[in-house]
Each structure stands twice: as C-alpha cells, then as structure tokens.
Amino acid sequence: MSARYWSEAAKEKRDPSGLFYYWNGERSLDPNAPQLHGTGEARLESADRARGYWTTHADKNARLIGRTSGVYLRAEAADVQILDGPDDRRRTKLISDSLKRWKVMKSA
C-alpha cells in the first residue's frame, strides 16, 4: 500500500445534511514523506451523491497547503468487488472509465 488516510473525528451536519471531518494520512512506502492531515466537508445532494472539499497540510512543509473540491459518488457494488478483487486488468479499466466520466463532469 502506498498511502493510507483515515478519519480522526467527524461531525454530522443537519441542514443541509453532510459531514465535517478531520483526517490524517501517510505515504508509508516513502520514509521521507511528511505526515499529512487536514479537514474536509461533504454535503449530501442525494442518497448517491455529495459535493465537498478537503484540505491537505504537511508536518514537514508548512507551505504545503492544498484545498481540493469535488463530487463524491456512491460506488456500485460490482465496482467495489472489482476494486477489492485480484483482477488488475478489470481494476485498471474501471479506474480509466471513471477518470473519463470525471473529466466530462469537470468540464460541464
């Protein structure tokens, strides 16, 4: 595994429904990589879609501050099986197809 991210704390938001969270992360294959952390928020638009942002800060480089916004989509059960499964070709195709869809969404 090249990176791990986990939520440290979360708070449910009510109107509109959503989630605010604090996260930590690391790139375990790089011994010189800094510890990462930040906050994020996702606001539900429907049962299958949310819109939000997350920030990234690094312990070793105070100038590294990033903010990314995006759309969160619920994964289809079949897609989860592919991602968790042993077939690298199917996983690669799924990720490639998803990136193409996201590029269309980004330009819309």
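Just so it is clear, none of the values below were taken in a lab; they were calculated from the coordinates. Given the structure is predicted, the values throughout are model-derived calculations rather than measurements. In this analysis, Cβ positions are derived from the backbone assuming ideal geometry, glycine residues included, and neighbour counts consider all displayed protein chains.
Structural remarks
- Taking packing as the residue-averaged number of other Cβ atoms within 10 angstrom, the listed peptides 68-75, 12-19 run from highest to lowest as 68-75, 12-19.
- Rounded to 0.05, the FRET efficiency of the Y21 and R90 pair, given R0 = 25 Å and the Cβ-Cβ distance, is 0.25.
- The P(r) of region 1-74 has a tail past 16 Å containing 56 percent of all C-alpha pairs.
- Local net charge near P16, Cβ-Cβ under 9 Å (Lys/Arg +1, Asp/Glu -1): +1
- In the chain, helices alone account for a calculated mean residue ellipticity at 222 nm of -8500 deg cm²/dmol, with every DSSP H run of four or more residues adding -39,500 (n - 2.57).
- The ranking of I65, I82 from fewest to most other beta carbons within 10 Å of each one's beta carbon is I65, I82.
- In this simple spin-label model, placing a label point 7 Å from the Cα along the Cα-to-Cβ direction at both S28 and Q81 gives a separation of 2.7 nm.
- Distance from region 1-49 to region 55-108 (C-alpha centre basis), Å: 13 Å
- Other residues whose C-beta falls under 12 angstrom from the C-beta of H57 contribute a net charge of +2, scoring Lys and Arg +1 and Asp and Glu -1.
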